[in-house]
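Visitor: One structure follows; several queries about it will come next.
The values are calculated or read from the model by the stated rules, or taken from the named source; none is laboratory data. Since this is a predicted model, take the numbers as computed values, not measurements. Positions of Cβ are generated from backbone atoms using ideal geometry, with glycine treated the same way; all protein chains shown enter the neighbour counts. Just the protein is used for accessible areas: all its heavy atoms, side chains included, with ligands, DNA and RNA removed. Shrake-Rupley method; radii C 1.70, N 1.55, O 1.52, S 1.80 Å.
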Amino acid sequence: MKNPQPTLTLDRLWHGGDYNPEQWLDTPEVWDEDLRLMKLAHVNEATVGVFSWATLEPEEGRFAFEWLDAVMDRLARNGIDVVLATPSGARPAWLAQRYPEVLRVSPDRQRELFGERHNHCPTSPVYRRLCQRINRALAERYGRHPALKLWHVSNEYGGECHCDFCQNAFRAWLQRRYGTLERLNQAWWTRFWSHTYTSWDQIESPSPRGMRSLHGLNLDWKRFVTEQTLAFMQDEIAPLRELTPQVPITTNFMGTYPGLNYWRFADTLDVISWDNYPRWHAQGSDVDLASSVAFLHDLARSFKHQPFLMMESTPSTTNWMTVSKLKRPGMHRLSSLQAVAHGSDSVQYFQWRKSRGGPEKFHGAVVDHAGHERTRVFADVAEVGEVLEKLRPVAGSQILSSVAILYDWENRWAIDDAMGPRRDGRDYQPTCEAHHRALWRLGVMTDVINMDQDFSRYRLLVAPMLYMVREGVAERLEAYVRDGGTVVLTYWSGVADATDLCFIGGAPGPLKRLLGLWVEEIDAITEDDANVWVMEPDNSLNLHGTYGVRQLCERIHPETADVLARYGADFYAGEPAMTVNRWGAGAAYYLAARTDQRFLNNFYAALARELHLPSAVPFPLPEGVSATVRVRGAQQWTFLMNFSAEPREVHLGDAARHEVVSDRWLGGAVTVPPYGVLVLEAESPSHP
Ligand code: GAL
C-alpha cells in the first residue's frame, strides 16, 4: 500500500525566505549578523540551498557539506525552521562541460551554452541521475536534522527542451496516447495542408522553423512538456521519499505560468507554494491588481484545498520589472497579509540579504547593502513578523468557498493558440479574473479550479470561455446543475474537444442541452464598436437597464432557455444576449457577449442574493476593501483589507470584536486606513 503523504503542520505562520549564506563563506561575521538580524525581523524560517550546487558538489562526486552542516545547526539552535532546496535549478560549470546533453535545445534547435539557470533538459538521463545522487546525499545527511521541516525541490520549474532525447520521449508519449498514427492524424486533422504523418519519426516538436500552427500538435506538446517536467520532478523526489518519508515536499509555482499545467503536479506535492510578485502602484489601479493577486492566491489554495505557502515575495522591489516602484507605506504589510487572508501559512521573501554581485544584486532584500537594520524595508519586514506572531493561531486554518471559478490550463492553451475570432483581446485569464473580481468585491470566497475537479462542493460554478470541453465534462456539468447547482457560462464555450477539433453541430457543442440554446455566429467588434445589452423587463434576477458589451458578441438561438437580456444595437439589436435555462433543480446562465465590470458586479450581487452565497462580512464592502474569513472549528478570523489610497469606513455592528493586529476592541463605524488591514477574531473568552 502507498504510504500516506506527509502534511506540513505548522504551529505558527512562517516568516522568512531565501537565504544564501554560501555567498558569504569568506565573511563569517556576516553569518553572525544574519542571525542577530533574523531575530530582530521575527524570522522563523529560512529557505536554504536553492542555487547551491556548485558549493555543495565542487567536483563531480566530491560533496562539501560542512558549510551547510554549520548553517543547519545554527538555524536549529536559533529556532529557525529550514526549507531545504534541492539544487537542480542551476548547475555547476563542470557538469555542463562534462555532460553537454544536460543543456537545453531551443525551439529553433540550437543547443544552449552553459550559463543562467532554470534551463536543464528534463529528459537527459545524466541530469536525472546526477540530481538524484545529490538529492540522496542531502536526504542522507539532513533527513533527521531538527531544522529540516520541508523539502523544496528545484526552483520554479519551467521552459522546454527540443533535444533528441525530448523528441524521442515525445514520440513515445504520443504512441502511448494514440496507439496508431491513423488516430493521431485524425485527432490533429492533418490532411489540412497535407500534413499527414506516415511514420512516427516524422513528428517533431513545434518550431518557428517548422510546424507551428497544427493546434493538436501544439496542445499535445504542451501536455508532454508538463508530463516530462512532472516525471523529472518525481525522479528528484524519489530518493527524498525513500529516505525521508516523514518530510513533506513542495516546489514553488509561478501563479498561472503558461508553460506547465500545475494541476498535474498537485497530487505529487504535499504542500503548494507559489512566488508572488505584483507590480504595486505601477499598473492601473492597486485595487484591480489586488483582486488579480487574490485570484492567484485562491488558485494556489484550491490545488489541494489546504493552506499554501507564499514561498517568495519581495520585501521591497524587484529588479526585473520595467519599473518597480517602492511599496508605499503600509503596502508591504497589506500585501503580505493578503496572502495569509487567502490561505497562506507563510510570508516568505526573495531574498534575505542582497548579494554583492550577480544579476540580482539590486533586487530587494530584507537586509540591504547597508547591512544593518536601520532601513524602512527592514522595519516593514520586522513589523510583519510581529503581526504574524500575533496571528499564530491562524496557521492551519481553512477557507470555505461556496463558489468556484473554472480556470483551466488546457483551455487556456487552446484559446491562446486559436487563430480567430480575433487576433488580440481573446483574454481568457483577464475574463476569469473579471468574474472573480465581482465576487471578491462582495466578500464571497471563491476557489479557482479546473474542469476535472469535483463541482458538487460549490453552490455556484463560473466557467468563463469554456472553449474546450473535454470528454465527460458536459455530462458532469449537467449532473451538477440537475442536482441543484448553478452554472454561469459565456460566449465562446463548447467550441472544441481535447485535441482542438471543433464540435460538429456547432457551439456550444456538448453544452447545448444544458444551456438550451445554439450559437449561430460570433462577432469580434472593434474598440469603437461598443454595443449594449438591455435587460428584459421583469427578468428573474431583477436587473435593470443597459450594460456595455464589447469585443465578442454571439448571435444565439434559445430553444429551452429564457431570455434575460437583448442586444441594443447593430444588425442583431433585439436578439437574445443573455439567457437562463432551468435544468433539474438548478440553472445554467449564458452570457453571449463580453460585458463591462459593472454588469458582472450587479449580476453576481443578484446571484449572491438568490443563492444565499455566504460573504466574509454581513455588510457591503466599500470600494477597494476586500474581506475573507479563515476558520478552524468555532474560531474565525475575518481579514478586512483596504487596497485604496483613501481611508474607508466599514460598519462592524454593535458587538465589539477583537482586532488582532492592534489588540483593540472595535465595533460600530470603523475606519480602515489607506493600505490598512484589520483582522477580527470571532469571539474571545476575554471579551470584557
Ligand atoms: C523568482 C526566483 C528567485 C528570484 C526572484 C526575483 O522567480 O525564484 O530565485 O530570482 O524571482 O524576483
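Visitor: Could you give me the percent of Cα pairs per 5 Å distance bin for the stretch 433-571, shortest bin first, beginning at zero and ending with the bin that holds the maximum distance?
Guide: Whole-percent P(r) values from 0 Å outward: 2, 9, 16, 20, 22, 18, 11, 3, 0.
Visitor: In nm, give the distance between the simple-model label positions of TRP200 and VAL30, each being 7 Å from the Cα along the Cα-to-Cβ direction.
Guide: It works out to 5.2 nm between the two label points.
Visitor: Provide the per-residue ³J(HN,Hα) series for the stretch 81-96, in order, calculated from phi with Karplus coefficients 6.51, -1.76, 1.60 and θ = phi - 60°, each as a whole number of Hz, with x at glycine and proline positions.
Guide: Each residue of the stretch 81-96 in turn: 6, 10, 9, 9, 8, 8, x, 5, x, 8, 10, x, 4, 4, 5, 5 Hz.
Visitor: Could I ask something else about it? For ASP416, ASP528, ASP345, ASP380, write out the residues from largest to smallest accessible area, computed with a 1.4 angstrom probe and no ligands counted. Write out the running numbers ahead of the final one.
Guide: Details: ASP416 85, ASP528 145, ASP345 10, ASP380 35 Å².
Of ASP416, ASP528, ASP345, ASP380, the descending order of accessible area is ASP528, ASP416, ASP380, ASP345.
Visitor: Additional query: For the chain, calculate the relative contact order in percent as a whole number, restricting contacts to Cα pairs under 8 Å that are 6 or more residues apart. Can you show the working numbers first?
Guide: Working: 1410 pairs, mean separation 73.1, N = 688.
In percent, rounded to a whole number, it is 11.
Visitor: Hey, another quick one. May I ask for the net charge around MET578, where only other residues with Cβ less than 14 Å from the Cβ of MET578 are counted and Lys, Arg are +1 while Asp, Glu are -1?
Guide: Numbers: positive: ARG555, ARG566, ARG594; negative: GLU536, GLU554, ASP562, GLU575, ASP596.
Local net charge: -2.
Visitor: Taking amide H atoms as placed 1.01 Å from N in the peptide plane, list the residues 5 or more away in sequence, or in a different chain, whose amide H sits under 5 Å from that of ASP523.
Guide: Close amide H contacts, sequence-distant or interchain: CYS553, GLU554, ARG555.
Visitor: Tell me, what is the FRET efficiency for PHE619 and ASP483 to the nearest 0.05, using R0 = 35 angstrom and their Cβ-Cβ distance as r?
Guide: Once rounded, the FRET efficiency stands at 0.65.
Visitor: Also, quick follow-up: What chymotrypsin sites (Phe, Trp or Tyr not before Pro) in the stretch 301-400 are in a loop by DSSP, with at most 15 other Cβ atoms within 10 Å of the Cβ?
Guide: Details: sites: PHE303, PHE308, TRP320, TYR349, PHE350, TRP352, PHE362, PHE378; in loops: PHE303, TRP320, PHE350, TRP352, PHE362.
Those satisfying the criteria are TRP320, PHE362.
Visitor: List the GluC sites (Glu not before Pro) within the stretch 32-64 that DSSP assigns to loop and that have no more than 14 neighbouring Cβ atoms inside 10 Å. Could the numbers behind the result be given before it?
Guide: Values: sites: GLU33, GLU45, GLU59, GLU60; in loops: GLU60.
Within the stretch 32-64, the qualifying GluC sites (Glu not before Pro) (loop, at most 14 other Cβ atoms within 10 Å) are GLU60.
Visitor: A further question on this structure: Could you give the alpha-carbon Rg of the stretch 1-68 over 2.2 N^0.38 Å, rounded to two decimals? Walk me through the numbers on the way to the answer.
Guide: Details: Rg = 15.9 Å, N = 68, 2.2 N^0.38 = 10.9 Å.
The reported ratio for this selection is 1.45.
Visitor: Give me the 1.4 Å probe accessible area per residue for the stretch 163-258, excluding ligands and nucleic acids, in Å². Mind dumping the intermediate values first?
Guide: Details: 4420 Å² over 96 residues.
So the stretch 163-258 comes to 46 Å² accessible per residue, rounded to a whole number.
Visitor: Another question, then. Would you please give the residues with an amide H less than 5 Å from that of ASP447, counting only those at least 5 places away or on a separate chain, with H modeled from the backbone geometry?
Guide: Here the answer is VAL403, ALA404, ILE405, since their amide H atoms fall under 5 Å of that of ASP447.
Visitor: How big is the convex hull of the Cα atoms of the stretch 625-681, per residue, in Å³? Please list the in-between numbers first.
Guide: Details: hull volume 4.0 nm³, N = 57.
Once divided by residue count, the hull of the stretch 625-681 is 70 Å³.
Visitor: Among bridges DSSP assigns within the chain, what percent are antiparallel (round to 5)?
Guide: Values: 53 of 95 bridges.
Once the DSSP bridges in the chain are tallied, antiparallel ones form about 55 percent.
Visitor: What is the sum of charges around LEU150, taking Lys and Arg as +1, Asp and Glu as -1, for the other residues whose C-beta is under 15 Å from the C-beta of LEU150?
Guide: On the way: positive: ARG12, ARG144, LYS149, ARG241, LYS304; negative: ASP11, ASP18, GLU45, ASP81, GLU236, ASP270, GLU312, ASP345.
Charge balance in the 15 Å sphere: -3.
Visitor: With a 1.4 Å probe and every protein chain left in place, work out the accessible area per residue of the stretch 409-494 in Å², rounded to a whole number.
Guide: Working: 2760 Å² over 86 residues.
Solvent-accessible surface per residue comes out at 32 Å².
Visitor: Continuing with the same structure: Where the accessible area of the chain is counted over protein heavy atoms with a 1.4 Å probe, how much of it, in %, is carbon and sulfur?
Guide: Working: 13840 of 27230 Å².
Ligands and nucleic acids excluded, carbon and sulfur reach 51 percent.
Visitor: Sticking with this structure for a sec: What is the calculated FRET efficiency for SER355 to GLU649, with r their C-beta to C-beta distance and R₀ = 51 Å, to the nearest 0.05?
Guide: Numbers: r = 45 Å, r/R0 = 0.88.
After rounding, the FRET efficiency stands at 0.70.
Visitor: Taking each pair of different alpha-carbon atoms in the chain once, compute 1/r for the pair, average those values, and report the inverse of that mean as the Kirkwood hydrodynamic radius in Å to one decimal. Can you show the working numbers first?
Guide: On the way: mean 1/r = 0.0371 Å⁻¹.
It works out to 27.0 Å.
Visitor: Sticking with this structure for a sec: Trypsin sites (Lys or Arg not before Pro) within the stretch 169-200: which are DSSP loop residues with at most 11 other Cβ atoms inside 10 Å? Intermediate values should be presented prior to the final figure.
Guide: Details: sites: ARG171, ARG176, ARG177, ARG183, ARG191; in loops: ARG191.
Passing sites in the stretch 169-200 are ARG191.
Visitor: Next question, about the same structure. For the stretch 625-681, what's the relative contact order in percent, using C-alpha pairs closer than 8 Å and at least 6 residues apart? Don't skip to the answer; put the middle values down first.
Guide: Values: 122 pairs, mean separation 21.6, N = 57.
Relative contact order here is 38 percent.
Visitor: Along the stretch 48-59, what does the Karplus equation 6.51 cos²θ - 1.76 cosθ + 1.60 (θ = phi - 60°) give for ³J(HN,Hα), rounded to whole Hz, x for Gly and Pro?
Guide: Couplings: 10, x, 4, 10, 9, 4, 4, 7, 7, 9, x, 9 Hz.
Visitor: Ignoring ligands, DNA and RNA, what accessible area per residue does the stretch 625-681 give at 1.4 Å, in Å²? Could you put the intermediate results ahead of the total?
Guide: Numbers: 2250 Å² over 57 residues.
With all protein chains present, the stretch 625-681 gives 39 Å² per residue.
Visitor: Next question, about the same structure. Nearest 500 deg cm²/dmol is fine: what mean residue ellipticity at 222 nm does the chain get from its DSSP H runs of n ≥ 4 alone, each adding -39,500 (n - 2.57), divided by its residue count? All intermediate terms of the calculation are to be shown ahead of the outcome.
Guide: Values: 17 runs with 204 residues, N = 688.
Result for the chain: -9000 deg cm²/dmol, rounded to the nearest 500.
Visitor: A follow-up question, please. Bin all alpha-carbon pair distances of the stretch 57-192 at 5 Å intervals from 0 and give each bin's fraction as a whole percent.
Guide: Cα pair-distance distribution for the stretch 57-192, in percent: 2, 9, 14, 16, 14, 12, 10, 8, 6, 4, 2, 2, 1, 0.
Visitor: While we're looking at this one, here's another question. Can you give me the long-range amide H partners of PHE253? Hydrogens built in the peptide plane at 1.01 Å from N, cutoff under 5 Å, separation of 5 or more residues or another chain.
Guide: Correct list: SER273, TRP274, ASP275.
Visitor: Could you report the accessible area of HIS612 in Å², rounded to 10, computed with a 1.4 Å probe on the protein chains as they sit in the structure?
Guide: 140
Visitor: Enter the accessible area of HIS281 (Å², nearest 10), with the probe set to 1.4 Å and all protein chains included.
Guide: Counting only protein heavy atoms, the figure is 30 Å².
Visitor: Then there is this: Determine the relative contact order of the stretch 403-611: mean sequence separation of Cα pairs under 8 Å and six or more apart, normalised by residue count, in whole percent. All intermediate terms of the calculation are to be shown ahead of the outcome.
Guide: Values: 452 pairs, mean separation 41.9, N = 209.
It rounds to 20 percent for the stretch 403-611.
Visitor: Take the Cβ-Cβ distance between THR546 and GLU389 as r, set R0 to 45 Å, and report the resulting FRET efficiency rounded to the nearest 0.05. If you can, show how the numbers build up before the last one.
Guide: Working: r = 52 Å, r/R0 = 1.15.
The calculated FRET efficiency here is 0.30.
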